[in-house]
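All remarks here apply to the structure that follows.
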Amino acid sequence: MKAAFNKVLIANRGEIAVRIIRAARELGLRTVAVYSDADAHSQAVRMADEAVRIGPAHASKSYLDVEAVLQAAVQSGAGAVHPGYGFLSENADFAERIEAAGLVFIGPTPDAIRTMGDKAAARAAAMRADVPTVPGSVGVVENADIAAALASEIGYPIMIKASAGGGGRGIRIANDESELRQQFTTATAEARAAFGNGEVYLERFIRSARHIEVQILGDGTHAVHCFERECSLQRRRQKVWEEAPCAGISEQTRAALCESALRLANAVSYRGAGTLEYLYDDDTGEFFFIEMNTRIQVEHPITEMITGIDLVKEMIRIALGEPLRLRQQDIQMSGTAIEVRINAENAAKGFMPSPGVVSNLVVPGGPGVRFDSMLFPGYTVPAYYDSLLGKLIVHDGDRASALARMRRALQELKVEGIQTTIPLHQALCDDARVGSADFNTGFLETWLAENPLAQTPVAAGSHTNSDDSLKVTG
């Protein structure tokens with residue numbers, strides 16, 4: 001391979017930084033980690049060929065500081081930057097700055113990020129590509145009067161969504177016109193405060209919906225899909241448990257869903273890895289495009305497990321200027337994969353954050369088991385960032401076998417010294433409705449209200465912290 005660059009800077013932290021370092025190293029590339037003061041002794045810093053400090057612990061002064069990251073890339077001699085997920089990964093201005101400095105941004109073009117990263121613009125692009133969208137406004141809605149007129153045509157309940165929102169944030173639900181007018185003012189103010197953009201749009205609220213997403217890869221000329229993932233088990237619109245493929249849809253629906261994702265990816269000449277997210281209406285059997293994530297997803301490993309494709313390496317190969325190596329007919333799906341997110345949170349106490357020192361770590365093994373993490377014994381989990389510690393992923397020939405493997409792997413996994421969400425996932429594994437894939441996006445919230453979890457003792461010497469104000473969604 002003749003590389004356009006031989007050194008990659010990873011503009012991220014945690015488990016995704018470790019994941020990218022491993023992929024780059026297998027391609028013969030050198031790696032540069034960036035770190036805040038809170039991450040000076042992190043696994044990514046220990047693994048990378050070089051490491052550069054970019055600022056204090058707070059993300060706004062380090063991982064979200066465009067100037068600091070760009071300076072680190074230039075001074076380290078990196079030829080490319082991989083943004084991972086979260087932080088600056090969907091910031092078109094950041095991608096533009098990287099390219100203006102003569103470096104390669106391992107991801108989509110800035111124009112694609114702007115178009116598909118803005119939910120209203122992405123919705124309009126989907127309509128042009130004849131991809132089904134949830135009934136709603138064509139673009140942004142300027143005021144409450146226009147919103148009320150549109151809502152009377154669309155029907156209630158209705159969602160008011162921030163155009164620049166993400167990660168399940170920036171959404172309000174109104175059941176009638178009075179609520180709509182009240183929520184509209186609140187939603188625009190919240191969107192402006194949270195995202196620096198107060199624009200909102202409307203969508204019909206689907207009461208019994210599955211959250212399904214399609215993984216695509218493109219080289220700017222053509223794209224392929226790598227099938228779909230089921231992401232309906234969510235708390236406060238944050239994903240907790242993911243599967244591939246989705247057990248709740250037919251083969252006919254799967255084919256139509258993936259084909260629609262390809263139409264949209266090709267319509268915007270997409271480059272790199274991306275995910276198109278859909279709502280599937282269990283009552284009608286319809287699916288609707290809702291948004292696109294122009295980056296690698298947290299849950300990408302389950303797609304890798306069922307297809308055998310290393311998505312991160314393919315991203316890097318595309319960034320190196322190679323044409324897409326994959327043909328659609330060559331991408332086959334095998335078995336079922338399940339991923340659970342292991343967070344430093346106490347689910348028995350309202351998911352209270354649990355930073356602290358990992359006193360002991362036991363990682364499960366055996367066939368079809370993978371643990372993507374940045375943990376090691378003695379690691380201090382900081383209080384400044386998203387609580388994700390790692391992802392436990394299993395793969396087997398069918399869903400029942402994969403569930404049994406997940407149950408066994410969770411029994412083996414030990415993260416001592418802090419509270420984690422391991423007990424939550426163990427309980428979900430034993431739930432009959434989870435076992436039969438009989439759930440939707442509202443299932444977990446109801447389940448948590450009806451199934452209080454016992455608190456897990458914490459090993460001596462650890463501590464917890466209830467201050468979640470510094471959490472940064474990744």
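A few notes on this one:
- Three semi-axes of the equivalent ellipsoid, the range 142-273, Cα gyration tensor, whole Å, largest first: 31, 18, 15
- Per the Cα gyration tensor, the range 55-166 maps to an equivalent ellipsoid with semi-axes of 36, 16, 10 Å, ordered largest to smallest.
- A straight chain from Glu322 to Val138 at 0.36 nm per residue would run longer than the Cα-Cα distance by 62.6 nm.
- Among the listed pairs Lys7/Lys239; Lys61/Lys119; Lys313/Lys391; Lys239/Lys414; Lys61/Lys313; Lys349/Lys391, those whose Cα-Cα separation exceeds 25 Å are Lys7/Lys239; Lys61/Lys119; Lys61/Lys313.
- Dimensions in Å of the chain - Rg and Dmax from alpha carbons: 21.5, 62
- Coarse-grained scattering of the range 135-204 at q = 0.12, 0.26, 0.29 Å⁻¹, given as base-10 log I(q)/I(0) from a Debye sum over alpha-carbon atoms: -0.24, -1.14, -1.39
- Calculated SAXS-style log₁₀ I(q)/I(0) at q = 0.10, 0.15 Å⁻¹ - the range 7-106, Debye, Cα scatterers: -0.21, -0.48
- Cα-based equivalent ellipsoid, the range 209-450: semi-axes from gyration tensor eigenvalues, Å: 30, 21, 17
- Dipole magnitude of the chain about its Cα centre (Cβ charges: Lys, Arg +1; Asp, Glu -1), debye to nearest 20: 1120
- Here the range 254-299 is described by how far its Cα atoms reach on the three principal axes: 34, 24, 16 Å, from widest to narrowest.
- Residues Leu453, Leu150, Leu202, arranged from fewest to most other Cβ atoms within 10 angstrom of their Cβ, appear as Leu453, Leu150, Leu202.
- Distance (nanometres) between label positions extended 7 Å along Cα→Cβ at Asp430 and Arg236: 2.7
- When His222, His211 are sorted by how many other C-beta atoms sit within 10 angstrom of their C-beta, beginning with the fewest, the order is His222, His211.
- Per-residue [θ]222 nm for the chain (sum of -39500 (n - 2.57) over DSSP H runs n ≥ 4, rounded to 500): -9500 deg cm²/dmol
- Label-to-label distance, Lys414 versus Ala121, with points set 7 angstrom from Cα along the beta-carbon direction: 5.1 nm.
All of the numbers you see were taken from the coordinates with simple rules; none came from a lab. Bear in mind the structure is a predicted one, so any value in this text is a computation, not a measurement. Using ideal geometry, Cβ is built from the backbone for each residue, glycine included, and neighbour counts are taken over all protein chains shown.
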